[in-house]
1. Checking the a/c ratio against 1.5 first, then a/b against b/c, what shape does the Cα gyration tensor give for the stretch 1-56?
2. Quick one: Karplus J couplings for the stretch 132-145, per residue in order, coefficients 6.51, -1.76, 1.60, θ = phi - 60°, nearest Hz, x for Gly and Pro?
3. Below 15 angstrom from the Cβ of S167, what's the summed charge of the other residues (Lys, Arg +1; Asp, Glu -1)?
4. Please report, ordered by residue number, every helix of the chain (full DSSP H runs) that is 20 Å or longer along its axis going by C-alpha atoms and whose mean Kyte-Doolittle hydropathy reaches 0.0.
5. Hey, can you grab everything whose amide H is under 5 Å from the amide H of Q184? Only 5+ residues off in sequence or another chain; H modelled, so Pro and N-termini drop out.
6. Place a point 7 Å from the Cα of K42 along the Cα-to-Cβ direction; which residues of the stretch 108-127 have their backbone N under 12 Å from it?
7. Straight-line reach from K305: which lysines have a Cα under 19 Å away, not including same-chain ones fewer than 8 places off?
8. At 7 Å along Cα-to-Cβ for each site, give me the label-to-label distance between A35 and T229 in nm.
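Just so it is clear, none of the values below were taken in a lab; they were calculated from the coordinates. This structure is a prediction, so every number in the text was calculated from the model and none was measured. No Cβ is skipped: glycine too gets one built from the backbone with ideal geometry, and neighbour counts run over all protein chains shown.
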Amino acid sequence: MRDMLVVGGGYVGLSAAVAVKQSAPHLQVEVIEAAPEHVWQKDERASAIIAAASRMLEVLGVWGEILPEAQPINRMIVTDSRTSDPVRPVFLTFDGEVDEGRPFAHMVPNVAMVRALRGACEQLGIPIRHGLSATGFQTRSTRNEVTLSDGGTIDTRLLVACDGVRSRLRDMAGIKTVSWNYGQSGIVTTVEHERPHEGVAEEHFLPSGPFAILPLTGNRSSLVWTERTAEAEQLVASDDLVFEEELQRRFGHKLGQITVAGSRKAFPLGLTLARAFVAPRFVLAGDAAHGIHPISGQGLNLGFKDVAALAETVVEADRLGLDIGALDVLERYQSWRRFDTFRMGVTTDVLNRLFSNDMTPVRIARDIGLGIVERLPRLKSYFISEAAGITGEDGPRLLAGSAI
């Protein structure tokens, strides 16, 4: 019998296992992952990690290992223009630290993050079983009986689904979603450039969608390039010369000549919000609970917030002698996370619809709005705090940098 079985060995699943096991070493925690063991080492992507999430990773004992490969984002620039515009005026800038020596976000290679979390699992004695998926489960009074793809079964008091936005476990649990497709895809790749970026991130709002330039260590940047799906597929399939020419038109010449330094992939973009995050002995976390547009860079960070809330819910219930899989216990996690997730989903949806729009009256209105925010320091500070996940004293302790 396991106390907690995590399905999904990505960042959210691994950090959930580490957070619970670290604070409650006597609990039996296990992770199963459908992918083969070494697939994660081939991930060329990088992710924005907000200050609250880096605080949590610091408490989990992995941030020190990640930090040498992390690039601080010292400043954020927002422009609104067309691809053909010769000049892209800056409407909004964010800079500054949320704590001394801690910027509001870092860019972290996904490989570095997974490596550190897997190392923490090994140190804590958390088994990670590869090549296995959950093909079904039956909820009993005191446990979930999980059927595995190899024909075996695992009994667990709490089943945590971290199996992605198309979660099979969510469907098995009968949890419905609110979802729609934006007709856009996000092209993700890495580029090298002649001049240093100085830790500056840029978000160019173009008619087809946002084009984000996110700094990596060295003279490199990670791109999240939103295009309508048909155009994105054509760009990904095009030869290097055509792709780099289209890329340079959007990237600009501020950092000199650019070259593509990694593979390029396109991911369909949409909004998916689970109608419930919990069921008896069952929890959704990460993309299984919510998939949002990358316009705000908050997708992974929402998952880390889930981890902080779930770990505190489980550990405190265990300390009080309560059943960690009981629905009334899990409702605390749901109440903590569902509103925040819904709010972020609506925010990214509105921003994408507002800025992926070339109508002149809409452009004028949004540019006036950006200009107003730029001229109000208190409002800018509020937005920076929100983006960094610094939301007050009522949030999970891990996000504030405190142990559970």
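1. oblate
2. Working through the residues one at a time gives 10, 10, 8, 9, x, 7, 10, 8, 9, 5, 10, 6, 9, 9 Hz.
3. So the environment of S167 carries a net charge of 0.
4. Result, helices passing both filters: 110-124, 299-319, 360-374.
5. T229, L269
6. Taking a point 7 Å out along Cα→Cβ of K42, no residue of the stretch 108-127 has its backbone N under 12 Å.
7. Within the straight-line cut-off, K305 pairs with K21.
8. A separation of 2.3 nm, rounded to one decimal place.
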